Structure formats: C-alpha cells, structure tokens
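Contents: one structure, followed by commentary.
The values are calculated or read from the model by the stated rules, or taken from the named source; none is laboratory data. From a predicted model like this one, the values you see are computed outputs, not experimental measurements. Because the Cβ atoms are built from the backbone with ideal geometry, glycine has one as well, and the counts that use them run over all protein chains shown. Heavy atoms of the whole protein, side chains included, go into the accessibility calculation; ligands, DNA and RNA do not. Shrake-Rupley method; radii C 1.70, N 1.55, O 1.52, S 1.80 Å.
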Amino acid sequence: MKLFFMALILICASAPALAQTDDDAFTLKRGDNEWGFWAGFSPKATTIFAGLHEDEADDRKFFIAALRYGRTLAANNSVALQYQLDVVPVAVATGVIVSRTTSPSGVVTFQRETAYGAGFTPLGLQLDFANGSKVHPYVHVNGGFLYFNKSVPIEDSGRFAFVGEAGGGVRIFTSERRAVNIGVRFHHISNGDRSGSNRGLNQFVIYAGFSIFK
C-alpha cells in the first residue's frame, strides 16, 4: 500500500511537465472535475486477511451506494492521477450476528439480522491508464468510515467502522465528457481495535457507476 501511494506521488510530481493532447475527447486533464454515482454488491463475505471465522462469514451479503466527486491532480498522454471523495448515503450488511434475550426465560440466543449504515470516504486516489483512449483501465485505493444502526460484523464490534478499499476496473467513455465505470474492489470494515472484537468484515464488491466530467 505504501509503495502504491509513493508511485502515485512520483507520477503526480512529474506528469505536469509532460506533453498533453488537449484536443483528445477522452483525455483527462489536470483540473478536470468528476461528478458521479456508483453502487456495488457482494454476494458473500471472505475469511481471508484474518477476518471472520468460517461459521461467522456464512450467509452474509453487502450492498453499498455512493455519490462521487473526483479531481484530476496530474495527467499526461499515458496516465491520469485523480483524487476521489465518496459520500455513502446507504450501506446494507446482512447476516450480522446479534444477541437477543428470550423472555421470560432470560436465555440469550444469537441470530442473524440486517444492519443499515452511511458514511464518508474522503481519502481516495485513482490511477487511470491509457489516458486518451475511449477505455481507461484503472486501479484505486480508498479510505473512510461507516456508521451502522447495529454492531458490525458481530455483537461487540461497535457501530462505527473504519473502511479500507483497493481495487480496479475500466472507465468506458460513452461520449466526450461522460463515462461508465465497472470494477471490483476489496472492501474491508474494521473497528480498528477501538472496542470489543476487531473482527474484519472482508468482501469483494462488484460495482458499476456513471460519471460526468467538467
């Protein structure tokens, strides 16, 4: 992750000095603003990267939708580096493990429920390749937080969760200033050892979105 950020910083420092084709319809230029929307879905959780145990990861799905603002920090004829900020009005995590007390016996049982959340992802960088082509492959990293109405992913994890994401995809321009985005991102939720069990909820989210550049 650190090496990726260092590479992006080096590109940012050198790109403005490189020549750029101003008349190319699909070229991202320094100072371009992106306004967009994307949504994604994960059909199951994964146990990799010291996340949930196998039984805890069963029967979990995740949906997320976000509004996007991006700004191109640097660009040349080959690559474009973009800052990204996402506002997440809705995130839905199913299969969340919660405890419930059965009255009047007082027996505590665990069951699966659905948690609803929202949040903010202000730390994002995306690197587009083949700048100027109608199709831009890209990679990205993002960080932020989500707040849920229940503890996620298990009973004592807490409602506040840090979010880390990394992934890639393709940006396909449908016109000079409009594009659709399709990709896969590894989505990690963790309480950062702030309270209770720090059991990460890890998922591969398939997503798609739409962007307008001005």
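Structural remarks
- Flag if Asp24 is of a type outside the set (A, V, I, L, M, F, W, C) and at pLDDT 85 or above: no
- Selection status of Ser14, at pLDDT 80 or above and among the hydroxyl-bearing types (Ser, Thr, Tyr): no
- Residues located in region 44-64, provided they are closer than 20 Å to Val184 by Cα, open to solvent by less than 30 Å² (accessible area, probe 1.4 Å) and part of a loop (DSSP other than H, G, I, E, B): Arg60
- Number of the exception - Gln82 against (1) part of a helix (DSSP H, G or I); (2) of a type in the set (S, T, N, Q); (3) at pLDDT 95 or above: (1)
- So Gly31, is it at pLDDT 50 or above, at positive phi and not polar (S, T, N, Q): yes
- Pairing each residue of region 40-66 that is more than 20 Å from Asn181 (Cα to Cα) with any residue that is hydroxyl-bearing (Ser, Thr, Tyr), provided the two are 6+ apart or on different chains, yields C-beta distances under 8 Å for His53/Thr47; Glu54/Thr47; Ala57/Thr46; Ala57/Thr47; Asp59/Thr94; Arg60/Thr94; Lys61/Ser42; Lys61/Thr94.
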